[in-house]
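Some notes on the structure that comes next.
The values are calculated or read from the model by the stated rules, or taken from the named source; none is laboratory data. Fair warning: this is a prediction, and the values are worked out from it, not measured in the lab. In this analysis, Cβ positions are derived from the backbone assuming ideal geometry, glycine residues included, and neighbour counts consider all displayed protein chains. The protein model used for the area step is the full one, side chains on, heavy atoms only, and it has no ligands, DNA or RNA in it. Shrake-Rupley method; radii C 1.70, N 1.55, O 1.52, S 1.80 Å.
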Amino acid sequence: MSSVNAQNKSTVTRRSLLQIALASSPLFSSKSTIAAEDKFPTKPIKVLVGFPAGGAIDLVMRAVAIEASKKLGQALMIENRSGASGALAYNALKIASPDGYTIAPVTITAFRAPVLEDVSFDPLQDFHYLAGITDIPFGVVVKEDSPFKTWKDLLAWGRSNPNQMMYGAAAGLGNTSHLFVEEVASKENLKWTPVPFRGTTDCIQALLGGQIIFTVDTIAGTTALVKGGKLRILAVATDARLPSWPQIPTMRELGSAISVNNLWGIAGPKGLDPQVALTLEAAFKFAMEQPSVIAMLQGVEQKPLFTDAKTFKAFAERSVKEQKEVLTKYGFAKK
């Protein structure tokens, strides 16, 4: 072998070793460069809301999204996919790419759905829980011009006219308002007729139109009409009276040892990168601390209940078990 060839071979070998060394260095690796360029998020994030616009979840989610977007540096775009008590959104969340660009609010409906019917998602296996947001207080609501001024009035009429007592189940059969009334009616040895609706807006329209006698619906979804003189709250399904309406009793005070405390929060599809999940969790924590969100929640008798990912997941696991028990109790569990 000539000295020139030997020198060239030596040069190539040194160059190859240098390239290998640079490629494996954290400072020069293409992987690190890509990660730096693609730091999450780099584009808007889609938020699949499984309930109609104007309802409790939608209203709160929009306020939270505005503040969370400030922390993330990208917009959170609300997309309402209402229907099947949120199942349409949950199905879409399950099959979404686990890149953090599709998330959804997850409520108690996700924990009930698999008990009620065959669904294509599993709330414990298919979602990555990110953060708890707040709960959803409910109240017994009638039209402002209703002859029923108190829960006692409504109960007495319902006891005398059980076949005419039609009430609104705002999110469909087997969901919170329906189960709440079933629990109360069972205690009173009564059987009333639930009328299912797609969401709060449809239910309230039916109430205002006289198609139903009353409903148990979210305070967030009914507050504006109560303050506007269209609706009246007879009782609240909370542990304590509401600050804005201290004169309205709780159902517990009225003899029904039942309240509704439904924590809800945000989840992404299974398989989220841990760092992406932490980024989203931090954004929602930030949002729940902002004055605009706190004020908005206070306006609908709610409060920030930020819950970290681990705690929210534990709540989901506990709720799945609890919902199976209560739905089976009332005969709603699928056969």
Averaged per residue, the 1.4 Å probe accessible area of the chain, protein heavy atoms only, in Å², is roughly 48 Å²
From the Cα centre of the range 192-262 to that of the range 308-335, the distance in Å is 23 Å
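Please list the equivalent ellipsoid semi-axes of the range 75-124, computed as the square roots of five times the alpha-carbon gyration tensor eigenvalues, in descending order and whole angstrom.
For the range 75-124, the ellipsoid semi-axes come out as 20, 12, 9 Å.
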Quick calc of log₁₀ I(q)/I(0), the range 130-229, Debye, one scatterer on every Cα, no solvent, q values 0.10, 0.14, 0.21, 0.25 1/Å, result -0.26, -0.50, -1.11, -1.52
Per GNM of the chain with C-alpha springs under 10 angstrom, the most fluctuating residue out of G100, G132, G158 is G158
Residue-normalised 222 nm signal for the chain, counting each DSSP H run of n ≥ 4 as -39,500 (n - 2.57), nearest 500 deg cm²/dmol, is -14000 deg cm²/dmol
Quick calc, the range 205-305, dipole around Cα centre from Cβ unit charges on Lys, Arg (+) and Asp, Glu (-), nearest 20 debye, gives 280 debye
For the range 144-223, the dipole about the Cα centre with charges only on Cβ (Lys and Arg +1, Asp and Glu -1), to the nearest 20 debye, works out at 180 debye
For K152, the lysines lying under 24 Å Cα to Cα, once residues fewer than eight places off in the same chain are dropped, come out as K143, K187, K191, K227, K230
GNM on the chain, Cα springs under 10 Å; top mean-square fluctuation among E144, E183, E117 goes to E117
The value for the chain (convex hull of the alpha-carbon atoms, volume per residue, Å³) is 148 Å³
Expressed as a percent, the portion of alpha-carbon pairs in the range 236-335 spaced more than 18 Å apart is 65 percent
In this structure, among K270/K321; K313/K335; K39/K70; K149/K303; K303/K329, pairs with alpha-carbon gaps over 24 Å are K313/K335; K149/K303; K303/K329
Among V300, G73, P137, the residue whose Cα sits farthest towards the positive end of the charge dipole of the chain (+1 at Cβ of Lys and Arg, -1 at Cβ of Asp and Glu, taken about the Cα centre) is G73
For the range 214-229, in residue order, the Karplus 3J(HN,Hα) values (coefficients 6.51, -1.76, 1.60; θ = phi - 60°; whole Hz; Gly and Pro = x) are 7, 8, 10, 9, 5, 5, 4, x, 10, 3, 4, 6, 5, 5, x, x
Largest fluctuation, R198, R81, R318 only, Gaussian network model of the chain with Cα springs under 10 angstrom, belongs to R318
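With +1 assigned to the C-beta of every Lys and Arg and -1 to the C-beta of every Asp and Glu, and no other charges, what is the dipole magnitude of the chain about the Cα centre in debye, to the nearest 20? Could you put the intermediate results ahead of the total?
Values: 36 positive and 29 negative charges, 120 e Å.
Once rounded to the nearest 20, the dipole reads 580 debye.
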